[in-house]
Structures are given as structure tokens and as C-alpha cells.
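Engineer: Quick one: the structure is below, questions incoming.
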Amino acid sequence: MRINCPICGERDHREFTYKGDATAIRPAIDSDDMDTHKAYIYRRKNSAGTHRELWNHTAGCRTHMIVTRDTITHHITSVEPVGPFADQLKEGAK
Amino acid sequence: MAKRAKMMTPDPVSPIGEAAMPRAASGDAGITLSERLPSSFVQVQAWPDTVAKAAKVIDKLAGEGVTIMATGPGRWLIESDETGLEDSLRKALKTDAAAVTGLTHARVVITASGLKVDWVLASGIALDFANMEPGDVALTAHHGIPLTIRRLPDVADRKAYDLTVFSSYARDFWGWLERAGEEVGLAVA
């Protein structure tokens, strides 16, 4: 599998680190709903098909990105930078 | 074996050691290696709202003996033939503008060149070397060893690259280059 890094271009997936499900939203820090916290930490859909997930280009530019990938075919349909430089990167890509 | 051009601190020891002593290939050399200990090697990481300011300071450094490599959003690696680059960048870029990190003693540069250099490097590094132009920089890894690879201008029609590696991994990576280069003939300059 190859991932098209927004900075470095297409690279082997071994340069990247999987950082988890991008659809899992951290509950508010002051939330005392333990079930919501439990769901955020443990419950994953493990869906077969399209999945949005966080990756980091660990061996490259170290940029975080959201990769939309088909978990059956590994076909990647989009890569979006996230983090403090995301807006500049998206603006630069236009 | 390389020595720093102008020493600031009493640390002249090459992490590659005797393995980097010059020697000829047993036949034709398909790849030639040499080790260089940078006189100054600094990383600059700007914040999202200070990228332009940092870029302005770094652009002024451009010139002979200075290599500027953009390695990520708001991030540069800069090598200089002169010592003291870290101090001058710290003066020009306060912490509200950028994080300046001295890496002079943390990096070794291995120059690899020759008719078969692409073949040897591609045997262990997942990069498309055929599409790298002189001046292109790529950050990658070889079996978990982080590498910064910069293509240099060709020398006598032979491709050349600077491979920047962590000092603590340099001997191991050099060992791999030696083994991978055996089949094409390896010389050390």
C-alpha cells in the first residue's frame, strides 16, 4: 500500500504510522458520562469498506493526515492534512 | 575517516570509524562512499504564523557552503561549512518565531556516488531514485533508520547523493551500504 503524503508525495506505507480511527471524537474533558469515554477509547466499528483513519508520516515530514481507505481493497480515495499547518497546506494545494 | 573542518567542541571522533578509511574497489567501483562530519547542522521549526519570518531569515543564509533543505511544514534542515550556525540562528529567531535545534553532533553525512548508486540504494530504500532531480530532498527510512537524502549535481555523469543519518545509526547504515555495494564494487574516498 502506498500513501500520497501531502508534503512528500507517494511513499510506501512503511514510512507511516497508523494513529487510529479518525471518526472517534474525544468527549469533553469535563464530561462525567463514563459510557461515552468508554466508547471513545474501546469501541470501534471495524467496518469492511470505506474508513477514515489518522496516519502520521513518521519517517518523512511527520505530518498528520486523515486517509480515507477501503479496508477490503486498501484503495485510498483521499488524503487530507490535519494539525496546525493544515490550513496552509490546503491553501497551498489550491 | 572524516574530521570536522573547524572544531568547536573536543569531539573529533567519527561514528563510522575505521570502516570509513579510504580504499579502492577490488575491480571497477560501481559506488563510492565518503563520510562527512558537518561543521554546523541545525533544524529550524517555525510555528504556523511565523513561517514567513523564519523563511526570510533562512533565505539570507543561502550561499556557498550552505545547504538548506525544506523537510516539512515550516521546517528546515541547514548544513553549513562554518561553525556557529546554531548560535546565529538563535539570535535571529527567538523562541516565539521558531525552535532552533542544534544537530551538529547528531548527524553524519555519507556521500554516495557512482554509476550503480541508484541500484544499490534502491535495494534497501523504498524511494523512486530515477525521479529525483539534483537538489531534491526526501526524508525516508532504511529498516527503521531515518534518512534525509539529497541528490547532488552529477559528477562526471555519475549520480551522487548526500545521505544524512543519525550519528548513533551511522555505523550500522554504513555496514549495510558496504554489503549492498559489494556486488557492484565499492570504494571509499
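Engineer: Looking at the range A:52-73, which of its residues are among the basic types (Lys, Arg) and away from chain B (no Cβ under 12 Å)? Spell out how you get there, then give the answer.
Structural biologist: Pass one, the range A:52-73, residues among the basic types (Lys, Arg): A:52, A:62, A:69.
If the condition is that a residue be among the basic types (Lys, Arg) and away from chain B (no Cβ under 12 Å), then A:ARG52, A:ARG69 are the ones that fit.
Engineer: Still on this structure: Could you check, for the range A:27-38, whether at least one of its residues is free of Cβ contacts under 8 Å to residues at least 12 places away in the same chain, buried (at least 16 other Cβ atoms within 10 Å of the Cβ) and of a type in the set (D, E, K, R)?
Structural biologist: Within the range A:27-38, the subset free of Cβ contacts under 8 Å to residues at least 12 places away in the same chain is A:28-38.
From what is left, the residues that are buried (at least 16 other Cβ atoms within 10 Å of the Cβ) are none.
No; the residues of the range A:27-38 include none that is free of Cβ contacts under 8 Å to residues at least 12 places away in the same chain, buried (at least 16 other Cβ atoms within 10 Å of the Cβ) and of a type in the set (D, E, K, R).
Engineer: In the range A:74-94, which residues are open to solvent by 90 Å² or more (accessible area, probe 1.4 Å) and either within 11 Å of another protein chain (Cβ to nearest Cβ) or free of Cβ contacts under 8 Å to residues at least 24 places away in the same chain (or both)?
Structural biologist: A:HIS75, A:PRO84, A:ASP87, A:LYS90, A:GLU91, A:LYS94
Engineer: Let me ask something additional. Return the residue satisfying two criteria in turn: it lies in the range B:127-162 and is in contact (Cβ under 8 Å) with a residue 40 or more places away in the chain and within 14 Å of chain A (Cβ to nearest Cβ), and of such residues it is surrounded by the fewest Cβ atoms within 10 Å (Cβ to Cβ).
Structural biologist: My answer is B:VAL137.
Engineer: Across the range A:1-43, what is the total count of residues that are under 26 Å from B:ILE125 (Cα atoms) and among the polar types (S, T, N, Q)?
Structural biologist: 2
Engineer: If B:GLY74 passes every condition in (1) touching a strand residue (DSSP E or B) at 6+ places or on another chain (Cβ under 7 Å); (2) within 30 Å of B:MET21 (Cα to Cα) but one, which one does it miss?
Structural biologist: So the condition that B:GLY74 fails would be (2).
The values are calculated or read from the model by the stated rules, or taken from the named source; none is laboratory data. Note that the structure is predicted; figures quoted are calculated from it, not measured. Cβ: placed from backbone, ideal geometry, glycine included. Neighbour counts: every protein chain shown. Ligands, DNA and RNA are excluded from the accessible area calculation, which covers all protein heavy atoms including side chains. Shrake-Rupley method; radii C 1.70, N 1.55, O 1.52, S 1.80 Å.
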